[in-house]
Amino acid sequence: MGRRAKNKQGDPAPLVESNGIAPSAPKKHGKRKADTDAQSKRPAKKLKEAPKVKADKRKAEEPTSTVKAKNAVTWDDVQDGGSGSEGWEGIEDGNILRAQAKSLFDDSDEDEAHGFVGDLDEYELDESDNFHDSTMELDLGPDEADEPELETSKLRSKRSKQAERPTKIIPTGSDASTNSEDSEDDGPINMENMEARSRALDARAAREAELDIEELRRAAMEGDDDEEFDGANDMEEDEVAEADGDGFVLPTAAEREAEKAAGGPEVHIVQQRMQHCVRILGQWKKRGAKTGRKRSEYIDQLVSDIASYYGYNEFLAEKLFQLFSVPEAIEFFEANEVPRPVTIRTNTLRTRRRDLAQALINRGVNLEPIGKWTNVGLQVFESSVPIGATPEYLAGQYMLQAASSFLPVIALSPQPHERVLDMASAPGGKTTHIAALLQNTGVVFANDANKTRVKSLTANVHRLGCKNVVVCSYDGREFPKVMGGFDRVLLDAPCSGTGVISKDASVKVNKSERDFSLLSHLQKQLILCAIDSVNPNSKTGGYVVYSTCSVTVDENEAVVDYALKKRPNVRLVDTGLEFGREGFTSYRGKKFHETVRLTRRFYPHVHNMDGFFVSKFKVEKRVKHQKKDEEEGENEAEVATAGDTEDVAFDDEADKQYLEEGKRMRMKAKGFRVPPKLDQQPAATAP
Amino acid sequence: MRPLTEEESKAVFEKLANYIGKNLVHLIDRPDEPYCFRLHKDRVYYVSESSMRLGVSVARPSLISLGTCFGKFSKSGKFKLHVTSLDYLAQYAKYKVWIKPNGEMSFLYGNHVLKNHLGRITEDTPEHQGVVVYSMNDVPLGFGVTSRSTVDTRKLDPTAIIVFHQADVGEYLRDEDTLF
């Protein structure tokens, strides 16, 4: 709205131009004139097309009959009382015609409800004296130049804009509107009207001054961004910006402590500081040196600001921050504040997607297929009925399910007549999807450790008409003992839920380092159990899909890598999902197996679905590998014994190198960063 | 998990026969795969033999459900059909009732079917006959027992009850805790 108001403020300029005062952008004025003169509705409609909040429009429409008429009167008064610049002539004509074409005029009024606010201000200015011509030009210039910055700057998503506006646009806009309304109410009496106008003028002048400062600062920031500026200029601008003094100097550690003690900084300060840090960090090579501070200081500041701005605990904020580049991290945090679209999955056991869509549309649900990657998903835009209680839902024709939950089942791609295990299945979205893909053949074992959640699982299984499901409630880690020999196993592991923060914001504060280590431990146990439950001799299957709704590396790639190390008979295969980012093969000094890149990551800010991770293993026959291992082991043993008999004494000096090498290999195998070799170390440390 | 005793089977089949009549045979002699009835924790499950064989290896306390639950035995030994059996009842039902869209939600909240909600009804439905209730676009919504024969319904006033409610799919939401 702020930006729109800005645009609207631009409107009156042409009027001024027609006076020959400020020449710029004559288009819109022409339209307006045509509107009032010719009384054609079309221009008004075009204005409607310009993005405008519906509610605003409605607001504008409600008082049409009374207030708008008054409004028109006021306008007369304003014009009569004012110095009567020539630009008003056209509208005065309109006012003469007003009696005849009241409705039309009203129409245009209501469409331009916002425009008028701005218009009024500008007109007032013109009327009194044109003392702000220069400032107006300044207004328009930087405003327009602002636009690209707004678009390119990744920081500015909805929320930040809202938070940022109050500094500039909304106060002026709302002030102006109240003022204009005042003057409307006072309409009939000229003297009061004059008073109100003069008050408005004063306020306007003050605002203008504020705006000027703001613009200057903005221009300065822009200059910062603009790489074509020469150094000196840049410096100057920087100084201007810093002189403006709104959080552009990175606070020192002591200052931060003080700030914390004082109960934390204000939101808009934090936000500006975040923007600043992101900008500096984005071009660290170019600007980092000038700041005279360490990069780590900036990062610390940014992470703690993110934590306070979005309400994370510091540990989690840092953990998530490390996953992305700096601007992308901000995008990620922003995306976590916005809910994901509601999606449903058609139950192909009961109906077809087209029939279901038709039935729901008849109930007043607005929906559309999710995308080409699934032929059962529908995205719900808005619904006049509760989407979780329609007769179609109760009859089991669809399941409310996040789009990301389709992915592991698509990756698993169960074939009819297979035996499938879903190790952590409640509330049954994925289980019933599997059963649907099996077309009620074979058998699905749906397991969940939580007895209370098992109830909703059973209810969903029955509601969706899955007749081949056996529901049981074991701890997943007991599994190969209960039953093995599955063709496919889906492990949607219990996780920290860092991918679904938009759904469950409690994750932001209630996850600590200990939770993560406990969870990844559990996940490692579960994934081994899942692999052991698979029948490697299966003709059609032999696959394990491991997925989490978390984005952290130690719950995903680290677990996958662990499984690859612990079970030599499994290998990663392509998930069959055509989108998603590749998994990390190295992360913060840890190296993962090469094939870990076959796993897929999904992010809320990229794919507009919950943060998710999917990996698919193929389990091969174990016997061969074991034999090989044993043979190798025996060979080694033989060699060792042979060596023992030949030479009884160890030469420590000569062995040291090999021992070192062996240690390095072990560390490497465990995924640690290996220190540089001994003989290189002194050379590295000396300079 | 165990097979039903003779008494139990009799109780179950009597109930089922009230809705599907002679079609009961189709439940037992299936062309695709042998199916069987099993009792587990007072509940009767209708399950394919292959699933049942695999389900046997799940310990009793951990087994929650298998196949399709048909209903449960009360402590006094009576058998009550659950809405989960609707799939099979709808498939083999002999007598059907269709209700108009304005009566759908009322029925799904557990109310009886009134005459002015009645869209269609199988001809020659006798009195006190188990019927399956469908919406006008043939989605099964539940089942109940007729209060009058088709012929007698004509004389009734619009607010009179035609079908006594026994189970409806709304129970999946309302009674999720007690149903399973």
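The values are calculated or read from the model by the stated rules, or taken from the named source; none is laboratory data. Note that the structure is predicted; figures quoted are calculated from it, not measured. Positions of Cβ are backbone-derived with ideal geometry, glycine not excepted, and every protein chain shown enters the neighbour counts. To get the accessible areas, we keep the full protein, side chains included, count just its heavy atoms, and leave off ligands, DNA and RNA. Shrake-Rupley method; radii C 1.70, N 1.55, O 1.52, S 1.80 Å.
Which one of these is over 18 Å from B:Ser9 (Cα atoms), crowded, with 20+ Cβ neighbours inside 10 Å and more than 10 Å from every other protein chain (Cβ to nearest Cβ): B:His112, B:His117? Even if it seems obvious, please write down each step before you answer.
Details: B:His112 fails: crowded, with 20+ Cβ neighbours inside 10 Å.
Exactly one residue qualifies, and that residue is B:His117.
The set of residues in the range A:352-378 being open to solvent by 20 Å² or more (accessible area, probe 1.4 Å), in contact with a Gly (Cβ under 9 Å, 6 or more places away or on another chain) and under 24 Å from B:Val169 (Cα atoms) consists of A:Arg353 alone.
Does A:Ala449 qualify as being without any contact (Cβ under 8 Å) to a residue 40 or more places away in the chain, within 8 Å of chain B (Cβ to nearest Cβ) and farther than 25 Å from A:Val573 by Cβ?
On the way: without any contact (Cβ under 8 Å) to a residue 40 or more places away in the chain: yes; within 8 Å of chain B (Cβ to nearest Cβ): no; farther than 25 Å from A:Val573 by Cβ: yes.
No.
Does B:Val58 meet the test of being away from every other protein chain (no Cβ under 13 Å) and crowded, with 18+ Cβ neighbours inside 10 Å? Full working, then the answer.
Details: away from every other protein chain (no Cβ under 13 Å): no; crowded, with 18+ Cβ neighbours inside 10 Å: yes.
Criteria not met by B:Val58.
All of (1) open to solvent by less than 30 Å² (accessible area, probe 1.4 Å); (2) free of Cβ contacts under 8 Å to residues at least 60 places away in the same chain; (3) not in a helix (DSSP H, G or I) hold for B:Ser76 with one exception: (1).
When B:Met1 is tested against the conditions (1) closer than 25 Å to B:Pro140 by Cβ; (2) open to solvent by 40 Å² or more (accessible area, probe 1.4 Å); (3) within 14 Å of another protein chain (Cβ to nearest Cβ), the lone failure is (1).
Which of the residues spanning the range B:133-180 are within 14 Å of chain A (Cβ to nearest Cβ), part of a loop (DSSP other than H, G, I, E, B) and either out of contact with any Lys or Arg (no Cβ under 8 Å at 6 or more places or on another chain) or open to solvent by 20 Å² or more (accessible area, probe 1.4 Å) (or both)? Talk me through it step by step, then tell me what you get.
Going through the range B:133-180, the residues within 14 Å of chain A (Cβ to nearest Cβ) turn out to be B:133-143, B:167-180.
When the remaining residues are screened for being part of a loop (DSSP other than H, G, I, E, B), the result is B:136-139, B:169-170, B:175, B:180.
Correct list: B:Met136, B:Asn137, B:Asp138, B:Val139, B:Gly170, B:Asp175, B:Phe180.
Go through the range B:61-73 and report how many residues are more than 7 Å from every other protein chain (Cβ to nearest Cβ) and assigned to a strand (DSSP E or B). It would help to see each step written out before you state the result.
Step one: filter the range B:61-73 for residues more than 7 Å from every other protein chain (Cβ to nearest Cβ), giving B:61, B:70-73.
Next, only the ones that are assigned to a strand (DSSP E or B) stay: B:70-73.
Going through the range B:61-73 one residue at a time, the tally reaches 4.
Of all positions in the range A:588-602, at least one carries a residue that is assigned to a strand (DSSP E or B) and without any contact (Cβ under 8 Å) to a residue 60 or more places away in the chain. Contact annotation: residue pairs with Cβ atoms under 6 Å, 6 or more positions apart or on different chains, pairing a residue in the range B:87-98 that is within 12 Å of chain A (Cβ to nearest Cβ) and open to solvent by less than 40 Å² (accessible area, probe 1.4 Å) with a partner that is of a type outside the set (Lys, Arg) and part of a loop (DSSP other than H, G, I, E, B), are B:Asp87/A:Gly465. The conditions of being on the phi > 0 side of the Ramachandran plot, in the same structural domain as A:Gly484 (by TED's automatic domain parsing) and of a type outside the set (Ser, Thr, Tyr) are not met by A:Asn447. Checked against the criterion of being free of Cβ contacts under 8 Å to residues at least 60 places away in the same chain and touching a Ser or Thr at 6+ places or on another chain (Cβ under 8 Å), the range A:502-516 contains one or more residues that satisfy it.
Need at least 2 residues that are touching a Cys at 6+ places or on another chain (Cβ under 9 Å) per element, so show me which helices (runs of 4 or more DSSP H) inside the range A:503-587 make the cut, counting only ones lying wholly within it.
The qualifying helices (runs of 4 or more DSSP H) are A:513-532.
In summary, A:Pro494 fulfils each of the numbered conditions (1) open to solvent by 20 Å² or more (accessible area, probe 1.4 Å); (2) within 11 Å of another protein chain (Cβ to nearest Cβ); (3) of a type outside the set (D, E, K, R) with the single exception of condition (2).
Mind checking whether some residue in the range A:435-443 is at the interface with chain B (Cβ under 9 Å from one of its Cβ atoms), of a type outside the set (Gly, Ala, Ser) and crowded, with 20+ Cβ neighbours inside 10 Å? Yes, that holds for at least one residue.
Out of curiosity, is A:Val454 within 24 Å of B:Tyr46 (Cα to Cα) and either within 11 Å of another protein chain (Cβ to nearest Cβ) or open to solvent by less than 30 Å² (accessible area, probe 1.4 Å) (or both)? So that I can check it myself, show each step before the final result.
Details: within 24 Å of B:Tyr46 (Cα to Cα): yes; either within 11 Å of another protein chain (Cβ to nearest Cβ) or open to solvent by less than 30 Å² (accessible area, probe 1.4 Å) (or both): yes.
Yes; evaluated as a whole, the condition is true for this residue.
How many residues does the range A:485-494 hold that are in contact with a helix residue (DSSP H, G or I) (Cβ under 7 Å, 6 or more places away or on another chain) and part of a loop (DSSP other than H, G, I, E, B)? Working first, answer last.
Filtering the range A:485-494 for residues in contact with a helix residue (DSSP H, G or I) (Cβ under 7 Å, 6 or more places away or on another chain) gives A:488-494.
If we keep only those that are part of a loop (DSSP other than H, G, I, E, B) too, we end up with A:493-494.
Final tally of qualifying residues: 2.
Does A:Glu368 satisfy the condition of being more than 20 Å from A:Ser502 (Cβ to Cβ), of a type in the set (Asp, Glu) and touching a strand residue (DSSP E or B) at 6+ places or on another chain (Cβ under 9 Å)? Before the answer, list the steps.
Numbers: more than 20 Å from A:Ser502 (Cβ to Cβ): yes; of a type in the set (Asp, Glu): yes; touching a strand residue (DSSP E or B) at 6+ places or on another chain (Cβ under 9 Å): yes.
Yes, satisfied.
Check whether at least one residue in the range A:537-554 is modelled with pLDDT under 95, more than 18 Å from A:Gly485 (Cβ to Cβ) and among the charged types (D, E, K, R), and report yes or no. Yes, that holds for at least one residue.
Of all the criteria given as (1) closer than 29 Å to A:Asp475 by Cβ; (2) within 12 Å of chain A (Cβ to nearest Cβ), the one not satisfied by B:Glu104 is (1).
Identification of strands (runs of 3 or more DSSP E) wholly contained in the range A:385-465 with 2 or more residues that are within 30 Å of A:Val606 (Cα to Cα) and touching a strand residue (DSSP E or B) at 6+ places or on another chain (Cβ under 6 Å) yields A:398-400. The number of residues in the range A:466-482 being within 7 Å of chain B (Cβ to nearest Cβ), crowded, with 20+ Cβ neighbours inside 10 Å and not in a loop (DSSP other than H, G, I, E, B) comes to 3. Looking across A:Ser384, A:Ser405, one residue alone is open to solvent by less than 40 Å² (accessible area, probe 1.4 Å) and at pLDDT 90 or above. It is A:Ser405.
Residues of the range A:264-296 being aliphatic (A, V, I, L, M) and under 23 Å from the mean Cα position of the chain (by Cα), which ones?
Taking the range A:264-296 as the starting set, the residues that turn out to be aliphatic (A, V, I, L, M) are A:267, A:269-270, A:274, A:278, A:280-281, A:289.
If the condition is that a residue be aliphatic (A, V, I, L, M) and under 23 Å from the mean Cα position of the chain (by Cα), then A:Val267, A:Ile269, A:Val270, A:Met274, A:Val278, A:Ile280, A:Leu281 are the ones that fit.
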